Structure formats: structure tokens, C-alpha cells
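Asker: If you scroll down you'll find the structure; I have some questions about it.
The values are calculated or read from the model by the stated rules, or taken from the named source; none is laboratory data. Since the model is a prediction, treat every value here as computed from it, not as a measurement. Don't worry about glycine lacking a Cβ; one is built from the backbone with ideal geometry, like all the others, and counts go over all protein chains shown.
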Amino acid sequence: MAQPKTNIKSKTNILKLQGNDKRLVGRLWQDYIRPFRGRLYLAFVFMIILAAATAAYGFLIKHIIDVAQNLGGDIVASDAGAQAKRFAWAVVPIIIAVTIISGVSMFLQSILANSVALNTIGNLQKSMFASIHRADYARFGREPIGTLISRFTNDVTVLTNAMLRTMTNLVRDVLTVVFCIGMMLWLDWQMSFLILIVYPIAIWPILNISKKLRGNAKHAQEQIGVITSQLGESFSGARMVRTYGLEDYENARLGASFSERVRLYLKLVTNQARVDPILEVLGGIAIAGVFALGVYRVVGGHTTAGAIAGVLTMLIAMSPRVRALGTLNNVVQEGLAALHRIFEVIDEKPTITEKTNAVELGEVKGALEFSNVNFTYEDGTRAISSLNFKVKPGQTIALVGPSGGGKSTIINLIARLYDVTDGSITIDGIDIRDIALTSLRNSMALVSQDITLFDDTVAANIGFGKEDASAEDIETAAKAAAAHGFITELKDGYQTRVGEAGSKLSGGQRQRIALARAMLRGAPILLLDEATSALDAAAEAKVQSALDVLTAGRTVFVIAHRLSTVKNADKIFVLDEGKIVESGKHTTLMKKNGLYAKLRALQFS
């Protein structure tokens with residue numbers, strides 16, 4: 001995986017890639033690894049030096065043993081002892097030098113290769129994250145958030161391990177094996193030929209094992225996503241779990257998922273564990289064969305004891321490298337399964353896109369029109385049917401009706417989180433599908449009952465409404481949203497961190513910060529989805545007064561189940577089953593004694 005696909009196949013037959021795998025690995029190289037190729041090539045240089053240094057040990061062993069044997073047998077030479085000392089003093093510095101070269105090369109190639117792998121992974125994560133935020137809003141409903149998060153954590157971790165092992169070990173170990181075999185052939189080609197026959201036998205069972213590993217790894221990674229999603233649900237719902245006494249149910253539900261993960265990973269490690277014993281046995285056979293043949297050749301005078309020792313040294317140095325290459329295949333198969341899932345996220349194409357000639361909105365007046373709008377969700381659920389209405393600039397439109405009537409869908413369609421199935425929506429006479437997405441959404445501010453706060457300061461969470469907002473702007477918006485009072489009572493005031501999802505604040509406090517964010521944005525179109533639902537009567541009165549100021553001169557869509565909050569709207573649309581069944585002002589609708597009057601009567605009864 002560290003090189004283009006053509007090089008991988010040429011380096012080793014152990015890493016067998018299928019057609020789609022080659023395409024993905026080639027893409028990984030071209031788009032993500034290639035920018036760091038300078039560092040990678042330098043790492044390869046140090047890998048070559050390391051492999052050569054390892055092979056040099058075989059030459060040194062042969063030379064030392066042969067010289068020592070000759071000196072020991074030359075009992076006549078009066079200066080044999082002196083020769084031995086001179087030889088020792090000459091060889092020791094060479095051994096130390098080879099060791100230093102080996103250690104430095106190992107360190108440098110590891111740092112360089114790891115740098116390339118980790119930078120590549122970082123860029124992959126950035127691409128995944130950017131793709132998710134380009135994807136359709138509906139995408140978040142198709143897959144549990146925990147499953148999506150696992151692609152950024154577990155899948156990336158698996159791929160990181162595969163890339164680190166591949167970049168650090170693959171080329172280095174292959175080069176070491178090649179250099180060792182070259183040294184063995186130089187020392188004694190007949191004994192080396194025996195090894196070249198034995199080790200390739202391991203390739204076929206390893207390749208068969210790898211076929212099973214891919215499926216095992218894919219299922220194990222998918223199960224991690226399931227567990228992540230279930231843990232998120234359980235932890236976020238801790239209050240309900242305890243209140244309803246669902247601890248046993250949750251223990252059973254998560255326990256089953258944990259057991260399934262154990263089962264899947266046990267299958268994975270069982271297949272992984274088969275590789276080492278195969279290579280270990282073959283390595284033992286090779287050593288035994290070299291020893292037996294070596295004794296025979298030494299006795300026959302065909303080779304020297306130093307050559308035999310050198311071959312054995314190379315075999316011992318090569319064996320762990322061969323085993324590492326065998327187990328590397330397991331890691332690569334897991335990494336390829338993760339790479340498939342990662343590229344699935346990166347390659348997801350949004351259906352909601354802007355046209356090449358999309359227009360930028362100038363000064364937005366805020367006139368909206370729904371023309372025969374229909375909308376159906378991906379699962380076939382009909383949410384909106386034949387909506388036709390016009391909204392004048394500066395009007396406040398209230399959307400009321402039973403749950404599931406289509407109120408929130410209208411808000412989502414205006415912000416183009418979904419595209420209409422049929423019909424059109426226009427702003428100031430321009431179809432919103434013809435408007436650049438950034439320009440469209442910059443003209444709007446949303447306050448939802450599902451409040452989103454980040455684990456940052458109060459000031460930062462308000463300031464998200466306007467990037468260049470000053471501290472004074474933030475404070476003004478907070479005052480307008482009736483939030484300044486409680487903010488100043490916090491330990492660090494506006495610099496107080498709100499915790500994950502605003503967990504350190506009450507529901508009403510979170511909602512007022514969200515309102516302050518919308519007020520700071522100052523957008524000409526306001527989308528308020530139950531914006532005051534979490535406020536008590538006193539806070540709601542303050543915020544309502546602030547909203548009266550904020551909405552002046554702006555086009556406002558208000559969703560409210562508490563009908564007392566919308567009686568002053570310019571027009572009220574009563575929705576039921578995706579259709580407008582009534583429309584008009586509060587007093588008009590009350591006189592009709594229709595669905596609106598019945599809903600209001602139910603609230604006040």
C-alpha cells in the first residue's frame with residue numbers, strides 16, 4: 001500500500017490484490033501518498049542500506065570463522081597469535097560500524113515512513129469529514145451516527161495500522177530477504193537453492209487464508225459501528241434508562257453486541273493465527289536441511305564452515321522477515337476492507353448541489369412563494385402535498401397543526417436541506433435551486449427545538465452566528481435574547497465552557513443562547529422551530545419581546561405547538577397530513593371553528 005499498484009505486485013506475490021483493490025490502492029497512492037513521495041523515497045534509501053547491512057553480517061560471519069579456523073590450524077606459524085590479534089582489531093570496528101549503520105538506518109526509515117503514513121491518514125480523515133458535510137442532510141437519517149463515527153475511528157485505526165506496517169515493513173523486509181538470499185547464493189548457491197524451494201510452499205495456504213480474512217475484517221469493523229451507535233444511544237439516554245429501570249434491558253442489548261464482536265474477532269484472529277505456524281514449520285525444515293546438507297558439503301570439502309555459518313546466519317536473519325511478510329498480508333486485508341469503507345464515505349455524491357451558473361443573492365427582501373410543492377422522503381413517505389402560498393417581505397407566518405403534519409419539512413425545504421419532489425420554492429422570484437447554497441443559507445437563521453451547542457465558551461457558541469462578531473456584538477445579541485443575565489452569573493461569564501451539547505446549562509439557557517446566535521446573524525429570513533419551547537413563562541415573555549424587535553422587517557416562519565405564541569402572526573397555516581387545511585389570522589380561524597379552534601380549545605381546556 002505504500003507504493004503504486006504496479007510496484008506492489010512486483011515486490012511480492014504474498015500481497016495478492018483483486019481488481020477493485022488495485023484501483024483503490026492506486027487511488028490512495030495518487031491522491032494521498034504521492035504528495036509525500038520525496039520522504040517515502042528517502043525512506044526506501046535507508047531501507048536499502050539497512051537490508052545491505054543485515055546481509056553484511058553473513059559475509060562477516062563467514063570471514064571470521066574461516067580466518068579463525070585457518071589461524072587455529074596453523075600451529076607452525078610463530079606469529080599466529082599476533083595475526084589473530086590484528087585480525088580481531090580489524091574486524092571489531094567493522095562489526096560496530098555495521099551495527100551503527102543498521103541502527104541509524106532503521107530509525108530514519110521508520111520515522112520517514114511513519115510520517116508519510118500518518119499524514120496520509122490525516123488527509124483521508126479530512127476528505128471524509130468534508131464529504132460528510134457536503135452530503136445530503138437525509139444522509140444522517142440513513143445510517144446511525146455511531147456507525148458513521150466508527151468509520152472515523154475504528155476503520156481509520158485499522159487502516160493506519162495497515163499503512164504503518166506496509167510502509168515500514170513491506171519494502172524493508174522484502175529488500176532484506178532479497179539481500180539475504182543474494183548473500184546466501186554468493187556463500188553457497190546449492191544450499192541456498194534448498195531454501196528457495198521450501199519457502200514458496202507457504203504462499204498458497206497464506207493466500208487461501210487471506211480470502212477469509214477480508215470478509216472477517218469487514219464484518220468485525222461493521223460490528224464496531226453497531227456498538228458505537230448503541231453506546232451513544234445508551235449514554236445519551238441515561239436519564240430515561242434509570243427512570244424506567246431499563247438497566248437490565250440495556251445490559252442484555254449491549255451484551256449481545258459485545259458477544260457478537262467477540263465471535264467475529266475470534267474468527268478473525270483464528271485465521272490470522274494460522275500463518276505463523278506454517279512459516280515457523282517451514283523455517284525449521286529449511287534450517288534442518290541447510291544443517292544436514294552443510295555438514296555433508298564441509299566433510300566432502302565442497303565448502304567451508306564459515307560459508308555454512310554465514311548461510312545459517314542469513315537464514316536466521318531472514319526468517320522473522322518472511323514471517324512478518326506472511327502476517328503482513330493479514331493486516332493488509334483488514335486495511336483494504338477499511339479502505340473500501342472509507343472511500344465509500346469520500347465518494348458519496350450529494351443530490352442537493354448547486355448549478356454551475358448559480359446566482360448570488362443580493363439584498364434579500366424576503367418574499368417567498370411555494371408553487372405546487374410536493375415532497376416525498378426516500379422511504380416513500382409523503383410529507384407535503386400540493387402546497388401553494390405566497391409570503392410577502394416582512395410577514396410572520398405561523399405553521400401549526402398536529403405532529404407529523406409537515407411543519408418541520410417546510411422549514412427544511414426552505415433551507416434546501418431537502419429538494420422538493422415536484423414544484424418550486426422561490427425567494428424574491430428566484431428558484432432556490434438556482435441560488436448558490438452558501439448565499440441561500442446566509443440569508444437565513446434557524447432556531448430549533450433540537451439545540452446544537454458545541455463544547456466551547458458561551459461567547460463562541462453565540463459568535464457562530466457571525467464569524468467577525470465582536471465581544472460587544474455578542475453581548476448585545478445575548479441581551480436581546482434575555483440571556484445576558486444568567487451568562488454574567490456563570491463562573492467565567494461569557495468565557496464559561498458549556499460542556500458537551502451544552503450539558504452544563506439548563507434547557508432554557510441553551511435555548512436563549514441559540515436565540516442569541518440567530519439574533520447576532522441578523523438574517524432577513526428567520527426559521528423558528530419551537531424556539532421558545534424550553535422557556536418558562538417569565539423567560540418566554542422576555543424572549544417574545546426580543547423576538548418582536550428581531551422579527552421587525554424580516555420574513556419569519558414560526559412553528560409552534562403552544563398556540564398562544566402565534567396569535568399575532570400575519571398569517572397562520574394549519575397543516576394536517578402535509579396539506580394546508582386552514583389559513584388566516586388568529587381571529588379569523590377562531591371564528592371558523594375548524595381544526596385550529598379545536599387545537600386551541602384542547603390546549604386551554
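Asker: If we only count helices (runs of 4 or more DSSP H) wholly inside the range 130-189, which ones have 3 or more residues that are touching an Asp or Glu at 6+ places or on another chain (Cβ under 7 Å) and aliphatic (A, V, I, L, M)?
Answerer: Because the criterion is at least 3 residues that are touching an Asp or Glu at 6+ places or on another chain (Cβ under 7 Å) and aliphatic (A, V, I, L, M), no helices (runs of 4 or more DSSP H) in the range 130-189 meet it.
Asker: Go through the range 467-524 and give me each residue that's among the basic types (Lys, Arg) and closer than 30 Å to GLY362 by Cβ.
Answerer: If the condition is that a residue be among the basic types (Lys, Arg) and closer than 30 Å to GLY362 by Cβ, then ARG517, ARG521 are the ones that fit.
Asker: Checking THR356 against (1) surrounded by 15 or more Cβ atoms within 10 Å (Cβ to Cβ); (2) within 26 Å of SER131 (Cβ to Cβ); (3) polar (S, T, N, Q), only one condition comes out false. Which one?
Answerer: Evaluating THR356 over (1) surrounded by 15 or more Cβ atoms within 10 Å (Cβ to Cβ); (2) within 26 Å of SER131 (Cβ to Cβ); (3) polar (S, T, N, Q) leaves (1) as the failure.
Asker: Quick one: ILE572 ticks every box in (1) under 26 Å from VAL373 (Cα atoms); (2) surrounded by fewer than 16 Cβ atoms within 10 Å (Cβ to Cβ) except a single one, so which number is it?
Answerer: Tallying (1) under 26 Å from VAL373 (Cα atoms); (2) surrounded by fewer than 16 Cβ atoms within 10 Å (Cβ to Cβ), ILE572 fails exactly one: (2).
Asker: Tell me, yes or no, whether the range 378-393 has at least one residue that is touching a residue at least 24 places away in the same chain (Cβ under 8 Å), surrounded by 15 or more Cβ atoms within 10 Å (Cβ to Cβ), touching a Phe, Trp or Tyr at 6+ places or on another chain (Cβ under 7 Å) and over 17 Å from SER424 (Cα atoms).
Answerer: The answer is no; no qualifying residue exists.
Asker: Looking at this structure, is ARG341 closer than 18 Å to SER424 by Cα and of a type in the set (Lys, Arg)?
Answerer: no
Asker: When residues of the range 373-404 are filtered for being in a strand (DSSP E or B) and either within 27 Å of GLY553 (Cα to Cα) or aromatic (Phe, Trp, Tyr) (or both), how many remain?
Answerer: Filtering the range 373-404 for residues in a strand (DSSP E or B) gives 373-376, 382-391, 396-400.
Restricting the remaining residues to those that are either within 27 Å of GLY553 (Cα to Cα) or aromatic (Phe, Trp, Tyr) (or both) gives 373, 375, 387-391, 396-400.
Residues in the range 373-404 being in a strand (DSSP E or B) and either within 27 Å of GLY553 (Cα to Cα) or aromatic (Phe, Trp, Tyr) (or both): 12 in total.
Asker: Something else now. So ASN330 passes all but one of these: (1) closer than 15 Å to ILE181 by Cα; (2) buried (at least 23 other Cβ atoms within 10 Å of the Cβ). Which condition number does it fail?
Answerer: (1)
Asker: Next question. How many residues are within 26 Å of ALA560 (Cβ to Cβ) and modelled with pLDDT of 85 or more if we restrict to the range 459-475?
Answerer: 2
Asker: Another question about this same structure. Of everything in the range 319-366, what is in contact with an Asp or Glu (Cβ under 8 Å, 6 or more places away or on another chain) and charged (D, E, K, R)? Give them in sequence order.
Answerer: Passing the criteria: ARG321, ARG323, ARG341, LYS355, LYS365.
Asker: Additional query: Pull out all pairs, ordered by first then second residue, where Cβ-Cβ is under 7 Å, the residues are six or more apart or on different chains, the first lies in the range 402-427 and is within 16 Å of GLU577 (Cα to Cα), and the second is among the acidic types (Asp, Glu) and buried (at least 19 other Cβ atoms within 10 Å of the Cβ).
Answerer: SER408/ASP529; ILE411/ASP529
Asker: If you don't mind, another one. Report, by residue number, each residue of the range 496-529 that is assigned to a loop (DSSP other than H, G, I, E, B) and under 33 Å from the mean Cα position of the chain (by Cα).
Answerer: Of the residues in the range 496-529, the ones assigned to a loop (DSSP other than H, G, I, E, B) are 496, 498-499, 503-506, 522-524.
Selection gives THR496, VAL498, GLY499, SER503, LYS504, LEU505, SER506.
Asker: Check LEU520 against each of (1) of a type in the set (A, V, I, L, M, F, W, C); (2) at pLDDT below 85; (3) closer than 21 Å to ASN442 by Cβ; (4) buried (at least 21 other Cβ atoms within 10 Å of the Cβ) and name the one condition it does not meet.
Answerer: (2)
Asker: Residue under question is PRO350, and the condition is that it be of a type outside the set (S, T, N, Q), within 31 Å of the chain's Cα centre (by Cα), on the phi < 0 side of the Ramachandran plot and assigned to a loop (DSSP other than H, G, I, E, B); does it hold?
Answerer: Answer is yes for this residue.
Asker: Could I ask something else about it? Which condition breaks for ILE430 when tested against (1) touching a residue at least 24 places away in the same chain (Cβ under 8 Å); (2) of a type outside the set (Ser, Thr, Tyr); (3) touching a helix residue (DSSP H, G or I) at 6+ places or on another chain (Cβ under 7 Å)?
Answerer: The failed condition is (3).
Asker: Here is a further query. What's the number of the only condition in (1) out of contact with any helix residue (DSSP H, G or I) (no Cβ under 9 Å at 6 or more places or on another chain); (2) farther than 30 Å from SER403 by Cα; (3) not in a helix (DSSP H, G or I) that ALA469 fails to meet?
Answerer: Failed condition: (1).
Asker: How about the range 564-596: which of its residues are at pLDDT 85 or above and of a type in the set (Gly, Ala, Ser)?
Answerer: Across the range 564-596, the qualifying residues are ALA569, GLY578, SER583, GLY584, GLY594.
Asker: Within the group LEU437, LEU515, LEU446, LEU520, which residue is among the hydrophobic types (A, V, I, L, M, F, W, C) and out of contact with any strand residue (DSSP E or B) (no Cβ under 9 Å at 6 or more places or on another chain)?
Answerer: LEU437
Asker: To continue, here is another question. Just the residues that are closer than 30 Å to SER102 by Cα and of a type in the set (Lys, Arg), please, taken from the range 23-45.
Answerer: ARG34, ARG37, ARG39
Asker: Can we say LEU417 is surrounded by fewer than 20 Cβ atoms within 10 Å (Cβ to Cβ), outside any helix (DSSP H, G or I) and of a type in the set (A, V, I, L, M)?
Answerer: Taking the combined requirement at face value, the residue satisfies it.
Asker: Which of the residues that make up the range 109-134 are more than 24 Å from LEU170 (Cα to Cα), touching a residue at least 24 places away in the same chain (Cβ under 8 Å), surrounded by fewer than 18 Cβ atoms within 10 Å (Cβ to Cβ) and small (Gly, Ala, Ser)?
Answerer: Of everything in the range 109-134, just one residue is more than 24 Å from LEU170 (Cα to Cα), touching a residue at least 24 places away in the same chain (Cβ under 8 Å), surrounded by fewer than 18 Cβ atoms within 10 Å (Cβ to Cβ) and small (Gly, Ala, Ser), namely SER127.
Asker: Any residue that is at pLDDT 85 or above and out of contact with any Ser or Thr (no Cβ under 7 Å at 6 or more places or on another chain) - is there at least one of those in the range 528-541?
Answerer: Yes; the residues of the range 528-541 include at least one that is at pLDDT 85 or above and out of contact with any Ser or Thr (no Cβ under 7 Å at 6 or more places or on another chain).
This table checks each residue for (1) part of a loop (DSSP other than H, G, I, E, B); (2) surrounded by 21 or more Cβ atoms within 10 Å (Cβ to Cβ); (3) of a type in the set (A, V, I, L, M, F, W, C).
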| position | (1), (2), (3) |
| --- | --- |
| THR426 | no, no, no |
| LEU440 | no, yes, yes |
| VAL447 | no, yes, yes |
| ALA482 | yes, yes, yes |
| LYS491 | yes, no, no |
| TYR494 | no, no, no |
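Asker: Another one. Is there any pair with a first residue in the range 323-336 that is of a type in the set (Val, Ile, Thr) and a second that is at pLDDT below 75 and crowded, with 24+ Cβ neighbours inside 10 Å whose Cβ atoms are under 7 Å apart and which are 6 or more apart or on different chains, and what are they?
Answerer: VAL332/MET1
Asker: Does the range 256-273 hold any residues that are at pLDDT 75 or above, surrounded by fewer than 13 Cβ atoms within 10 Å (Cβ to Cβ) and of a type in the set (Ser, Thr, Tyr), and which are they?
Answerer: Listed by number, the list holds a single entry, SER259.
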